[in-house]
Structure formats: C-alpha cells, structure tokens
Amino acid sequence: MRKGYPMTTFHVPDMSCGHCKASITEVLTELGGEQLTFDMEARTVDVSNLSPEAVVTALDGIGFPASPK
C-alpha cells in the first residue's frame, strides 16, 4: 500500500454513535490511516495516508458502506 495519500473525506451514512466511531477508528488506524477527523452530524470522516479504495473496502468489511465525498 502506497503511503502519503492526502486527506480525503468519506460519507459514512450508517455512522451514528461513539461505538461506530470507535470501530471505524480501529480499522483505519490498523491500516495506517492518520489524522482521522469525524463529523458525526454530517456523518463524514476525514482520513489521510490511505487510498480511497482501501478506506471504502475496509469500511465495507465492517458494515459501514462509505463513499469519497
């Protein structure tokens, strides 16, 4: 996996609580994601250092369909 991807925002419509945030944080940091920023009201997460494809695949894998915004 290539390092150094810029910050990308993802819409995660099923993200609604602290447990969701914790699950997403865990999977993305394990993959090498950095600078995670959450907007729970807008249901978005910003992440750097991962390709958009890797983020979408990882979140799909834990039940949180996502799309780059």
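The values are calculated or read from the model by the stated rules, or taken from the named source; none is laboratory data. Every value quoted in this text rests on a predicted model; they were computed, and no experiment measured them. With ligands, DNA and RNA removed, areas are computed over all heavy atoms of the protein, side chains included. Shrake-Rupley method; radii C 1.70, N 1.55, O 1.52, S 1.80 Å.
Run the accessible area of the chain with a 1.4 Å probe and give the carbon-and-sulfur part as a rounded percent.
Details: 1980 of 3870 Å².
In the chain, the share of accessible area belonging to carbon and sulfur is 51 percent.
Which one is right for this structure if Cα Rg over 2.2 N^0.38 Å is calculated from it: (1) 0.95; (2) 2.01; (3) 1.97?
Correct label, based on the coordinates given: (1).
With a 1.4 Å probe and every protein chain left in place, work out the accessible area per residue of region 22-66 in Å², rounded to a whole number.
On the way: 2200 Å² over 45 residues.
Spelled out: the 1.4 Å probe surface of region 22-66, per residue, equals 49 Å².
Nearest 10 degrees, 0 to 90: what angle lies between the long axis of helix 52-61 and the longest principal axis of the chain (Cα atoms)?
Taking the Cα atoms of the chain, the angle to 52-61 is about 40 degrees.
For the chain, what is the relative contact order in percent, using Cα pairs closer than 8 Å and at least 6 residues apart in sequence? Show your work: numbers first, answer last.
Details: 108 pairs, mean separation 32.4, N = 69.
Normalised by residue count, the contact order of the chain is 47 percent.
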